[in-house]
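**Q** I have a structure I would like to understand better, so I am pasting it below and will then ask my questions one at a time.
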Amino acid sequence: MRIFFVTGNEAKFREASSVLKEFGIDLLIDKSHKKVEIQSDNLEDIVSNALQGICSDNVSDYYVVEDDGLFINRLNGFPGPYSSYVYKTIGLTGILKLMNDIDDRTAYFKSVVGLCGPKVGIKLFTGVVSGRIAMEPRGTEGFGFDPIFIPEGYDKTFAELGIGIKNRLSHRARAFKSLGNWLLNNL
Ligand code: IMP
């Protein structure tokens, strides 16, 4: 079966399509629909709202959208749902500065993937990966906060580990695996 991923982020698309391939699902990138993002502290609300815009008519295809963020425990979850804006404004250096005098560097990424399509309504799938914020950016692979995020059980950042290992443990991989399992069992 095939599913359309409404995203402008090619890196997210590559990660998600490699996960769904293992379930025999073809993921295609859809840049024609616009992912309308409401401002909210809640990833689930952002995703549900975006899907309502996409699947409001009688759609004949299945669509997914994803929203995610980096949640730093000692910053009370900041930047969370505002990760994209914070990445564009203060960036990795800004986050590292905020962490300057903080010993507890634990953080997690959370991904919410939403599916809509014929007779499905809206279904949400969540994935989380815990880890910590590195002392400085390291590595060249991936995107966004990958150079400063060290997943639990590793000493290297996602940007050093690369997509092969990232896709075994990331928030996105976990959310898309739940989606894959649900699709295999329900469609
Ligand atoms: P959005 O879901 O497109 O709004 O983006 C959330 C932001 O969180 C992205 O722009 C990235 O900066 C960050 N982010 C989300 N997932 C990842 C990831 O897997 N690695 C690194 N940064 C990420």
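The values are calculated or read from the model by the stated rules, or taken from the named source; none is laboratory data. All figures in this text were calculated on a predicted structure; none of them were measured in a lab. Don't worry about glycine lacking a Cβ; one is built from the backbone with ideal geometry, like all the others, and counts go over all protein chains shown. Only protein heavy atoms, including side chains, enter the accessible area calculation; ligands, DNA and RNA are left aside. Shrake-Rupley method; radii C 1.70, N 1.55, O 1.52, S 1.80 Å.
**Q** Considering only residues that are more than 12 Å from the ligand (Cβ to nearest atom), open to solvent by 20 Å² or more (accessible area, probe 1.4 Å) and either under 13 Å from the mean Cα position of the chain (by Cα) or within 26 Å of GLY53 (Cα to Cα) (or both), which ones fall in segment 11-23?
**A** Within segment 11-23, just SER17 meets the criteria.
**Q** Another question about this same structure. Does segment 146-153 contain any residue that is in contact with a Ser or Thr (Cβ under 7 Å, 6 or more places away or on another chain), open to solvent by 70 Å² or more (accessible area, probe 1.4 Å) and not basic (Lys, Arg)?
**A** Yes; the residues of segment 146-153 include at least one that is in contact with a Ser or Thr (Cβ under 7 Å, 6 or more places away or on another chain), open to solvent by 70 Å² or more (accessible area, probe 1.4 Å) and not basic (Lys, Arg).
**Q** Give the residues of segment 46-92 that are part of a helix (DSSP H, G or I), more than 27 Å from GLY180 (Cα to Cα) and away from the ligand (no atom under 14 Å from the Cβ), sorted by residue number.
**A** Across segment 46-92, the qualifying residues are ASN73, ARG74, LEU75.
**Q** Let me ask something else. Considering segment 154-178 alone, what residues qualify as being open to solvent by less than 10 Å² (accessible area, probe 1.4 Å) and farther than 26 Å from ILE90 by Cα?
**A** Listed by number, the residues that qualify are ALA173, ALA175, PHE176.
**Q** ILE102 passes all but one of (1) away from the ligand (no atom under 11 Å from the Cβ); (2) under 20 Å from VAL6 (Cβ atoms); (3) touching a residue at least 24 places away in the same chain (Cβ under 8 Å); which number fails?
**A** (2)
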